[in-house]
Amino acid sequence: MAPQTILDFSKEFHEKLKAKGMATTTIHKRIQFARQFMHDAVDWKIIDENPFLKVKTQKSSVKVNEFVPREVVDKLMKKANPVWQVILGLSRYGGLRTPSETLSLRWDDIDWEMNRMSIPEPKVEHHEGRGIRSCPIFPELRSILDEAFEIFGDKSEFVVAAPQYRAAANTAMGWKNSNLRTEMTRLLRRAGVSGWPRLFHSMRASRQTELQREFPLHVVCSWLGNSPRIAQQSYLLVTEDDFAKAAGVKKVMVEGHASG
């Protein structure tokens, strides 16, 4: 492929992503992947230069996650079946990445005596020193796992006893939400709760925000598997509780889920 043709392709690829209305962060990540792919092609001497080095993208400076209060999770748990209670618990109270970590966790990864989990990290396992991290079984999550083990412990290798979700989500192109978002939306309707942006990512961010109030940042990042820079940039949220505490007033509920 001629150099100019490659350059035209890179520009066209970028424009198509923007035309699809993708979020700035999503475009940035996809260009990063393309840039790395072309970098490898240069190393293998397939092409002479990396055209994506000249494609500039912008990271979003806006945190798009929303704090998900426990009152909302309680409403969802009451309407959820046992499988979805585990998915909700791991996402909101364990802070696991969903679907990749939530659906990869096995009962053998649970150390009941030490009250810890060895969490598989499919998303970052290609990074040196990554692939599995140790995280406490927080009290809010322990009761959920105890009940799930009573039901599924001798029936399923995986904590989330839903092989159909794993089959659909773990693809050759990597993990995707599959129909988890669709099922989550149905659960929200049954519970009479309004949705929020980035359903599962927001629950993970909510957990990190809570933990940051009690533990040092480097400790929380170790447990949840991200870096202090990423946590500050994308995860740590300002909640209604923060405003209420600063103003010296009690927390209020707004439309069932707007408070922190």
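Taken together, the values in this text are just the output of simple stated rules run on the coordinates, not laboratory data. Everything quoted here is computed from the prediction, not taken from an experiment. A quick note on method: Cβ atoms are made from the backbone with ideal geometry, for glycine too, and the neighbour counts reach across all protein chains shown.
Please list, in chain and number order, the residues 5+ apart from Arg106 or on another chain whose amide H is under 5 Å from its amide H, with Hs placed from the backbone.
It is Val159, by chain and number.
Take the Cβ-Cβ distance between Arg166 and Ile132 as r, set R0 to 22 Å, and report the resulting FRET efficiency rounded to the nearest 0.05.
0.75
Quick one: of Lys20/Lys75; Lys18/Lys79; Lys79/Lys155, which pairs are farther than 30 Å apart, Cα to Cα? List each step's numbers first, then the result.
Values: Lys20/Lys75 35 Å; Lys18/Lys79 38 Å; Lys79/Lys155 23 Å.
Correct reply: Lys20/Lys75; Lys18/Lys79.
First check a/c for region 70-247, with a ≥ b ≥ c the square roots of the eigenvalues of its C-alpha gyration tensor; if it is under 1.5, answer rounded, and if not, answer prolate when a/b is larger than b/c or oblate otherwise.
The shape class here is rounded.
Taking θ as phi - 60°, what are the ³J(HN,Hα) couplings along region 68-80 by the Karplus curve (6.51, -1.76, 1.60), each to the nearest whole Hz, with x for Gly and Pro?
Values, residue by residue: 10, x, 5, 4, 5, 4, 4, 5, 5, 4, 5, 9, 8 Hz.
Kindly state, to the nearest 0.05, the FRET efficiency for Arg106 paired with Arg190, given R0 = 25 Å and r defined as their beta-carbon distance. All intermediate terms of the calculation are to be shown ahead of the outcome.
Numbers: r = 29 Å, r/R0 = 1.16.
The formula returns an efficiency of 0.30 here.
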